[in-house]
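Throughout, read-outs are computed from the coordinates displayed, never taken from laboratory work. All figures in this text were calculated on a predicted structure; none of them were measured in a lab. Glycine gets a Cβ as well: all are built from the backbone with ideal geometry, and neighbour counts include every protein chain shown.
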Amino acid sequence: MALSFKMPEFLIKRQVETCSKCLLCVKQCANKVHYYDEKNDSFLTADENCVGCHRCAVICPTRSIYILKYPLEFRRNAYWTEETIKQIYKQAESGGILLAGTGTDRDYPIYWDKILINASQVTNPSIDPLREPMELKTFLGRRPKAITVEGKEIKEEIPPKLELEVPIMFAAMSFGAISLNAVKSLAKAAQKKGTYYNTGEGGLHRDLYQYGSNTTVQVASGRFGVHPDYLNAGAAIEIKIGQGAKPGIGGHLPGEKVGEEVSKTRMIPLGSDAISPAPHHDIYSIEDLRQLIFSLKEATDYKKPVGVKIAAVHNIAAIASGIARAGADFIVIDGFRGGTGAAPQRTRDNVGIPIELALAAVDSRLRDESIRNEVSLVVSGGIRNSADVIKAIALGADAVYIGTAALIALGCHMCQKCYTGKCNWGIATQDPQLTKRLDPEIGAQRAANLIKAWKHEIKDMLGGMGINAIESLRGNRLMLRGIGLTDTELKILGIKAAGE
């Protein structure tokens, strides 16, 4: 066997004097890192198998396990970095593409952190959200150009809309890519907090139909699990054209993840790879997209809003304009920090643009063309906290999707090995021994708590700006200031520099 040049990423340390030898670390590690040698009454570790998921350290009752970065020093080289060398070693041995889970970890600028929020002082006093009304309710969907009211009746037919108690939804993550317990957690949390979760391209498991009024069903290129009952079960339909983690690339769920329940839900053979092509083979123009939008509206009797999800790319403003004119009720823009279960690492780290710039460009284009009211904008791809939500809405979004943040709330430790199917936290896996580690009731409460906490913070920040309704913040870029940004970046974002 040829010598491997790959070294472990992590080093496991055990504090022997406090270890109770309960063997939980041995039993709980799906990657087979820990071994117990009965003959010598000692523990051994296969450090090369560790992915840094922290499961053993967290469950250790005596806190005796430490996970450290493997102390292998490379000669410093600003161009041929340690990461670059290790990736070449890996590909030289495997001959395969590099895969990665979640979003890019490259050190690109984070524009959210270079945008500051304005606050009220004297002439425009702040508002106390504990004692004064504060409206966060958000409606997603097409708005009529004008409304005629006679008495108490609106004469125009109002297009269907999604009603959100808070402008935050759970992003598309399919059953197959994540466990049924993870999907149930998000569905239950969405129901608790008056918002929505998204099925992704994996269809709708029969146990989830009861959450239909809080479900957005997705229609992707593979059409997995798409049938009339599925379309009518959800509150809205989303056509997935692309995603931020891998623009221009389709999806692939390995056959080993396609067990009996995934097979039934996706309507594909047991154990077969679920491959969704990069393009929809019936969409090669805006006119084709319009036909699918109205086919889905027709199939659901025009009772549900239909949206389109696209990746943030360099001509995003023109694409969004075409989608709005094609009849979409909402547009989802997914930035290059968007997460995924598996993506070619080179694509994940080098394709697409930041969601902040994409959002500002799209909002400006739709306003310039006087069609901004005809479509709602939802953004995703690296929304980490309530401040990011506030800034996104001020840049022009109606609402945001959270994906990675929601999974972290469920227990994800960002080991970025989702594609292996060995998630020790029961999230990105279909292994029945692992999936049972995530209790959907506990997961739902944790996800709901996250939304609750962000809701309080959003109210506090709105009050500090002297705004009592989220509607008044939408596209209000005067409430933002940039710090450490170039003139070009400020121009694209449509905000002024701090102090200006």
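Data for the structure
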quantity	calculated
Shape of segment 31-133, Cα gyration tensor, a/c cut at 1.5	oblate
Burial ranking of peptide ranges 191-200, 41-50, 426-435 (average Cβ count within 10 Å, highest at the top)	191-200, 426-435, 41-50
Built amide H within the under 5 Å cut-off of G248, gap 5+	Q243
Extension gain, S4 back to Q91 (0.36 nm per residue minus Cα-Cα distance, nm)	30.2 nm
Listed candidates [x] 22, 53, 23, 2, 0; [y] 23, 56, 17, 3, 0, 0; [z] 22, 45, 25, 8, 0 - label of the one calculated as P(r) over Cα pairs in 20 Å bins from 0, in percent	[x]
Acute angle (nearest 10 degrees) that the helix 180-193 long axis makes with the longest principal axis of the chain, alpha-carbon atoms	40
Amide H partners (placed H, <5 Å) of F43, local residues excluded	D37
For a label point 7 Å along the Cα-to-beta-carbon line of L478, residues of segment 385-407 with backbone N under 17 Å	394-396
Cα-projected label distance for T84 with K21, points at 7 Å along beta-carbon direction, nm	4.9
Local net charge near Q445, Cβ-Cβ under 9 Å (Lys/Arg +1, Asp/Glu -1)	+2
Any cysteine of the chain lacking a neighbouring Cys Cβ under 4.7 Å - listed by number	C19, C22, C29, C50, C60, C412, C418, C423
Phi-based couplings in Hz for segment 158-171 (Karplus 6.51, -1.76, 1.60; Gly and Pro marked x)	7, x, x, 9, 9, 10, 10, 6, 9, x, 9, 10, 8, 6
Charged-residue dipole, Cβ positions (Lys, Arg, Asp, Glu), segment 68-222 about Cα centre, Debye nearest 20	160
Euclidean distance of C-alpha centroids, segment 63-111 and segment 239-295, integer Å	30
For segment 206-277: rounded, prolate or oblate by the Cα gyration tensor [a/c cutoff 1.5]	oblate
Inter-label distance for D439 and Y302, nm, one decimal - labels placed 7 Å from Cα along Cα-to-Cβ	4.9
Theoretical FRET efficiency, 1/(1+(r/R0)^6), r = Cβ-Cβ of V149 and R367, R0 30 Å, to 0.05	0.70
Rounded tilt (10° steps) of 286-299 against the dominant C-alpha axis of the chain	90
The chain - charge dipole about Cα centre, Lys and Arg +1 at Cβ, Asp and Glu -1, debye rounded to 20	580
For segment 414-425, Karplus couplings with θ = phi - 60° (6.51, -1.76, 1.60), whole Hz, Gly/Pro x	6, 6, 6, 10, 3, 5, 7, x, 10, 5, 5, 9
32 Å Cα-Cα threshold exceeded, pairs from K39/K422; K69/K459; K155/K188	K69/K459; K155/K188
Potential lengthening between A278 and L68 on full extension [0.36 nm per residue; Cα-Cα distance subtracted]	71.7 nm
